[in-house]
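Worksheet: the structure to be examined is printed underneath.
Every read-out reported here was derived from the displayed coordinates using simple, explicitly stated rules and does not represent laboratory data. Source: prediction; values computed, not measured. Ideal geometry is used to build each Cβ from the backbone, glycine not excepted, and the neighbour counts take in all protein chains shown.
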Number of protein chains: 2
Amino acid sequence: MAPIKLIYFDIPGKAEAIRLCASVGKVDFEDVRISRETFAEMKEQGALPYGQVPALDVGDGRMLAQSSAILRYVATLGGLHPSDPIEAARIDSIVAEEEDFFSGLTISRYAGRFGYGHMTDEFRAEVRKNLNDEILPKHLSFLEMLLTNSTTGWLAGTEKPSAADFVFVPRLKWLVSGANDGIDSDLLDGFPNVKALIAKMMALPEVVSWYEKNPPPQ
Amino acid sequence: MAPIKLIYFDIPGKAEAIRLCASVGKVDFEDVRISRETFAEMKEQGALPYGQVPALDVGDGRMLAQSSAILRYVATLGGLHPSDPIEAARIDSIVAEEEDFFSGLTISRYAGRFGYGHMTDEFRAEVRKNLNDEILPKHLSFLEMLLTNSTTGWLAGTEKPSAADFVFVPRLKWLVSGANDGIDSDLLDGFPNVKALIAKMMALPEVVSWYEKNPPPQ
């Protein structure tokens, strides 16, 4: 079987969780990184469900959309998604929390896509302040509590990392990377378990090896 | 085994998808409808993950949060979620699209929760206009296309209704119910397959029977 093809831009973004999960789960995949021009062409041709990336070409001519659905699929292929319904649901619950965690920030970045295109720079700056001072710390405290209750250091208490860990770690790294005006680079400092989670994932041999072969774009 | 308990307010909201799925899948569950006061108490006591409802008490003292995770779990219990990973992923993809579909509207309703508490009535009215005139029709056209390509009339092309159908039908009914200022009650008129989907679900014997026993609050 030809390997599945993950289609996304040459940035971590919404695809990095999938790339890391595939690497740790040893799922053979082609990491197709497209330009904005190719994206526009593919979108125009109707090749992308919902006109979005990431998309996964699963090899039968069908494209799978939505990063959380792709992530769960790849985790399943890699033996990293439990078949027990309640264990799977615990992971799904944390993956869904990632949407709540980031949706305010997402809309402040891609305002027009959500009906907020009339947002001024001043309005956006106030959103970022609210996120930084109140909303994001609240969500971080949820993660911190999950990790306090975990016996393994992974968010859902699984033996191996799960979709819950893969979806959060790259996004949290990006959140405090300086890419988001108004979000403090030391936002995670009050959340030692969250910082330990990031370090734990980044130290996995498969993740170290992945980044040796695929250095992030500068 | 004691039945699982679904905890939510006495409104359709984010729980109706789960109630309908449990009914169609013949999953025994207790439909616990709480007051705002009880919600505040439970939240204060830390009984609700992420301080949210819907929550599912799965009977071992553990609460499961996030409506999409609960829905997938209940669909699995009811034999309505396929075990084939790619079929499951197709459904997951549509369930995730529901988040994109509604996130602009959700933030315009619960602005403070997402860092948008400084939104004025005028700003909100413009969001609703953008949603009504542009964003929601775009998303509706995605659903219309999925249904055009479906041979069964269900969104993911499944034989029985799936989580994809359960998550969208009650939300679409609510969208055009008059509960959302600025959203036209005839917004679905240009999307006949979407209207047929709603009618198809509402005509299911289990759904008819559910609403006979549980008339929606007036």
Notebook entry, point to check: Which lysines have a Cα less than 22 Å from the Cα of residue B:5, not counting those fewer than 8 places away in the same chain?
Noted result: B:14, B:26, B:43, B:213
Next item on the list: Could you work out which residue, out of A:84, A:31, A:165, moves most in a Gaussian network model of chain A, that is, has the largest mean-square fluctuation with Cα springs under 10 Å?
Entry: A:84
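I need A:139, A:118 ordered by Cβ neighbour count within 10 Å, fewest first.
Numbers: A:139 17, A:118 14.
In increasing order of surrounding Cβ atoms, one gets A:118, A:139.
Hey, got the average number of other protein chain Cβ atoms within 10 angstrom for residues in B:98-111?
Working: counts 1, 6, 9, 1, 0, 9, 7, 2, 4, 9, 4, 0, 0, 3.
Taking the mean over all residues of the peptide, I get 4.
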Checklist line | Sequence-distant residues sharing a close amide H with residue A:55 (under 5 Å, placed H) | finding: A:7
Notebook entry, point to check: What is the distance, in nm, between label points placed 7 Å from the Cα along the Cα-to-Cβ direction at residue B:141 and at residue B:186?
Noted result: 2.0
Checklist line | the stretch A:43-90 and the stretch B:20-46: distance between their alpha carbon centers, rounded to Å | finding: 30
Next item on the list: Find, to one decimal place in angstroms, the Kirkwood hydrodynamic radius of the stretch A:163-218, where the mean of 1/r is taken over every pair of different Cα atoms and then inverted.
Entry: 12.3
Next item on the list: Between the alpha-carbon centers of the stretch B:182-204 and the stretch A:145-205, tell me the distance in whole angstrom.
Entry: 41
Next item on the list: Please get the size of the charge dipole for the protein assembly as shown, origin at its Cα centre, with Cβ charges of +1 on Lys and Arg and -1 on Asp and Glu, quoted in debye to the nearest 20.
Entry: 300
Checklist line | Residues with amide H under 5 Å from that of residue B:34, placed H, sequence gap 5 or more | finding: B:8, B:9, B:10
Checklist line | Per-selection Rg to Rh, the stretch A:85-204 - Cα, Kirkwood hydrodynamic radius | finding: 1.00
Notebook entry, point to check: In nm, what does the list of distances from residue A:185 to its counterparts in the other copies look like, shortest first, when each label sits 7 Å along Cα to Cβ?
Noted result: 5.6
Check: Rg (Å, one decimal) plus Dmax (Å, integer) for the alpha carbons of the protein assembly as shown?
Finding: 20.9, 61
